[in-house]
Structures are given as C-alpha cells and as structure tokens.
Amino acid sequence: MKLADLDIIVTAPPAPGWGGRYWIIPKVTTDTGIVGYGECYASSVGPEAMKAVIKDVFERHMAGENPENIELMFRRVYSSGFTQRPDLTGIGAWSGLEMACWDILGKDRDRPVHALIGGRTNDRIRAYTYLYPRPSHPLPDFWASPEMAAEVALDMVEKGYTAVKFDPAGPYTIRGGHMPSMHDISLSVAFCKAIREAVGDRADLLFGTHGQFSTGGAIRLGKAIEPYGPLWYEEPIPPDNVAEMAKVAGAVNIPVATGERLTTKAEFAPVLRAGAATILQPALGRSGGIWETKKIAAIAEVYNAQIAPHLYAGPVEWAANVQLGASIPNILMAETIETPFHHNLIKGSIVVEDGYIPVPTGAGLGIDFDEDLARAHPYTDDGLHLQMQEDPIGYHSVNSFAGGAPVKTE
C-alpha cells in the first residue's frame, strides 16, 4: 500500500463561525483506494498558499511511500531545506497529512487509531468548552458582560460540562506583550467572580489569554484572579519567551497552560524543562500530528505535566485529539466546539455526553466525514484563520475581544 493521491478541501463554517474562518482538510488516497482525512491548523499564510505548501510536502516527501512509515516521512519534512528545526507552516502541512495517514492505517486494519499507538488507556475524555453566546445575546456586548458569560457557564454545567473557558482580558495584538489596563483587570475579576458564583464548585474555570501581556502585566493580572481558583492561566505572555513565562509560573498560584502555537517536541520540551507550564495544549494540526504529539505527551509525563489538546478548528482535528487522548495516561481534558456544522461534518460520529467524549471504536479516526457538505461551504474571504489586532490596547475603557472570530451574519 502506497500514498498515491492528494486533494485539499478548504471549508468555511457558516455563521457565527466558531472554530475560525476556514478549515483545511487534506484528503489522501492510497493506491489500494483507501481514503484518509486530516486537518491542518496553520494560519500564518492564506489558504491558497497553504494548499501549495501541503501539495509540496506531500509530493516531495510522501507520495509513493508506505503510510506506515510515519517516522521516516516526519524526518524528511523536519529536515527539508537543510533545517531540522520547528517550522510552523511546513509542520502544519505535515500535521494534517500525518493524521490522514493514521486514518488510512486504521481503516486498512479495521482498527481505531488509538489501537495502533499503544491502545486504549481511557474510555472517555473529559471535555471543556469556551463560553460562546446564546442566540439571544447581543454582539459584541456579550464579550464584555460577566452576567451573560455566567448565564452561558451555567447552561454548559447543566449540559454536563465540568470546565469552561473564557478570555475577557482584551485582544491580542501584533505588538507583543503589554501591561493590562485597570479596566481589563477589573473586568477579568468580574468575569471570574460572576462565573464562580454561577457554577460554584461544579466546574473548573479556565482563564484564557493569548500571549497578550508583559511579564509584569501577566503577574499582576494573575494575582488579581487567583482568589477564584482557576484551573489554568493560558498563555499569559507571548509563547516564544520560555524563560519569562517561567517567571509568571513561579509568581502566580494558578497552573500555567500553553502550547496552541507551538510545534514539535523541540518547542514543547524547553517549556517543561524551564518549569514554564504544567499543562500543555498542543493543537494536533500544528504540533506535528498524532505521533509527534504522543512523544510530547511522553516527555510531559516525566515532568508530571498533563495534556489538554487545543481546538479552535474543525472536527477532524478534534477526532485526532480524541484518539491521542484515548492512548495516553496524562490527558487532562480536550477542548470541544459544539456547533451544527461541526456535528454534521462528521455526521455525529463523535459526540459529547454529560461532559465527556466517548472514545469512538470505528476504524481510523472514527469519523464519517461528509465531503459533500464540506465542499458546499467553500471559503471565499481573504482573511486568515485567526488574525491579531494591529492597534495597541487603550487605557481609557474596556478593550473588547470578539471571541476569536469576526461577527458573521447570513
């Protein structure tokens, strides 16, 4: 069996667009007719440019190869162009293609992917959700309203979720870390207070940031929200400065989490070595795929750290996260996005039940991918999957953050 053909589907989730502006789905077919799907979570170039990168990686390093040879193909990609270092775009392309290889291998053997990477350690994975607005909540008002956030948090707890994530501390900008304004600190405290009062001890609070802050600013904000007992403080400073993140971790009594923007064990290992985080959040469509992230999880075990796969993408990456989580002992929880489009794109083949994701037993990634639905929603915009604000934050009023996606209407 050899890898023979590649097709790349770029699909755009309909309004309100939770999960990003578009999802890049490589479809790989073998010479025996087996089809595998993956998902590339890479957003530093546009989708058309990324399609060219994926095609180049496949044709240069994978076409004609046995899909079993994951390690060999990874080393080719990792070494491409005389590099042998993490490369977000190249490894992002590989990550989705690698998922497709595992999907193929599982289908060929009629076994789920987790059975091929060590077997099942967990029958179900604890899920968490971001706090997305109710249909009745006005936008953009929702993003600066502790009261509305608390209403949604209670909704999610009633559905069975035991952890909810929110990030009220203002937008992330191209300018790097900044000192938070007093307005943003006060709003963050108000969010934590309102949500904690709404859910009590029925759910963990996951405080999200996106590398917004300077080291001193992150410590200042972290100290302010400590009394509400968040389970984690997510990426409090830009992720490229491991030593400074370790200073935050040492000064704030909240576990630091990071990883959605990191790729390969070469970037995750220094985080653990420095004591910069005890919770890792790899996005499997960027981190190197299933096998590389299995290695990251193994390294994390040595440091008594846990894995909480990130998801601001589509359900194919989610399926890969679940397969990985089923096979490792140090899974903490997995991010989940429940929208009709996520559900329908895999025909409901993975679900959340009472706050947990039952691990699928079907072959490969365990999903039934609806290719017709994906192709019926082509991406026609020119924005990147996620984009950062160019303007600096203000210090006269609250800095609103639109929840990781633009307001969309249909």
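The values are calculated or read from the model by the stated rules, or taken from the named source; none is laboratory data. Being a predicted model, the structure only gives us computed values, none of them experimental. Counting neighbours? That spans all protein chains shown, and the Cβs are built from the backbone with ideal geometry, glycine included.
Worth pointing out:
- Candidates THR361, THR293, THR339: the one that is polar (S, T, N, Q) and under 21 Å from LEU88 (Cα atoms) is THR293.
- Total residues in the stretch 118-155, condition touching a Leu at 6+ places or on another chain (Cβ under 7 Å), in contact (Cβ under 8 Å) with a residue 24 or more places away in the chain and part of a helix (DSSP H, G or I): 3
- Matching residues, the stretch 283-310, being without any contact (Cβ under 8 Å) to a residue 60 or more places away in the chain, buried (at least 24 other Cβ atoms within 10 Å of the Cβ) and not in a helix (DSSP H, G or I): ILE307, PRO309, HIS310
- Any pair with Cβ under 9 angstrom, 6 or more apart, that starts in the stretch 9-30 at a residue that is polar (S, T, N, Q) and ends at one that is in a loop (DSSP other than H, G, I, E, B) and buried (at least 21 other Cβ atoms within 10 Å of the Cβ): THR11/TYR22; THR11/GLY314; THR30/PRO67
- Considering (1) more than 20 Å from GLY314 (Cβ to Cβ); (2) in a helix (DSSP H, G or I); (3) of a type in the set (Val, Ile, Thr), the lone condition that THR32 does not fulfil carries the number (2).
- Cβ pairs under 6 Å, 6+ apart, first in the stretch 254-278 and on the phi > 0 side of the Ramachandran plot, second buried (at least 21 other Cβ atoms within 10 Å of the Cβ) and in a loop (DSSP other than H, G, I, E, B): GLY259/GLN281; GLY259/PRO282; THR264/GLY288
- Qualifying residue in the stretch 39-50 (condition: at pLDDT below 95 and among the polar types (S, T, N, Q)): yes
- Per the listing LEU345, LEU384, the residue uniquely farther than 26 Å from TRP232 by Cα, under 21 Å from the mean Cα position of the chain (by Cα), surrounded by fewer than 22 Cβ atoms within 10 Å (Cβ to Cβ) and of a type in the set (A, V, I, L, M, F, W, C) is LEU384.
- The residue list GLU338, GLU292, GLU301 contains one member that is of a type in the set (D, E, K, R), out of contact with any Gly (no Cβ under 9 Å at 6 or more places or on another chain) and under 25 Å from ILE237 (Cβ atoms), which is GLU292.
- Residue in the stretch 211-229 that is in contact (Cβ under 8 Å) with a residue 12 or more places away in the chain, in contact with a Pro (Cβ under 9 Å, 6 or more places away or on another chain), of a type in the set (Lys, Arg) and not in a loop (DSSP other than H, G, I, E, B) present: yes
- Where a residue in the stretch 88-102 is over 9 Å from PRO26 (Cα atoms) and its partner, wherever it lies, is modelled with pLDDT under 95 and buried (at least 24 other Cβ atoms within 10 Å of the Cβ), with Cβ under 6 Å and at least six apart: THR89/ALA42; GLY92/ALA42
- Odd one out for ARG60, checked against (1) among the basic types (Lys, Arg); (2) under 25 Å from PRO360 (Cα atoms); (3) free of Cβ contacts under 8 Å to residues at least 60 places away in the same chain: (2)
- Of all residue pairs spaced 6 or more apart or on separate chains, those with beta-carbon atoms under 6 Å, a first member in the stretch 366-385 that is modelled with pLDDT of 95 or more and of a type outside the set (A, V, I, L, M) and a second member that is part of a loop (DSSP other than H, G, I, E, B) and exposed (fewer than 14 other Cβ atoms within 10 Å of the Cβ) are ASP368/LYS347; ASP370/LYS347.
- Residue selected from the stretch 81-97 under the condition buried (at least 17 other Cβ atoms within 10 Å of the Cβ) and of a type in the set (S, T, N, Q), by the criterion farthest from the chain's Cα centre (by Cα): THR89
- Every pair of residues 6+ apart whose Cβ atoms lie under 9 Å, when the first sits in the stretch 106-117 and is touching a residue at least 60 places away in the same chain (Cβ under 8 Å) while the second is charged (D, E, K, R): PRO112/ARG120; VAL113/ASP103; HIS114/ARG120; ILE117/LYS294
- Screening the candidates TYR132, TYR128 for the property of being within 20 Å of ILE195 (Cα to Cα), among the aromatic types (Phe, Trp, Tyr) and out of contact with any strand residue (DSSP E or B) (no Cβ under 8 Å at 6 or more places or on another chain) yields one hit, TYR132.
- Selection from the stretch 329-347 of residues that are in contact with an Asp or Glu (Cβ under 9 Å, 6 or more places away or on another chain), without any contact (Cβ under 8 Å) to a residue 60 or more places away in the chain and in a helix (DSSP H, G or I): ASN344
- Breaking point among (1) assigned to a loop (DSSP other than H, G, I, E, B); (2) within 25 Å of GLY90 (Cβ to Cβ); (3) modelled with pLDDT of 95 or more, for LEU272: (1)
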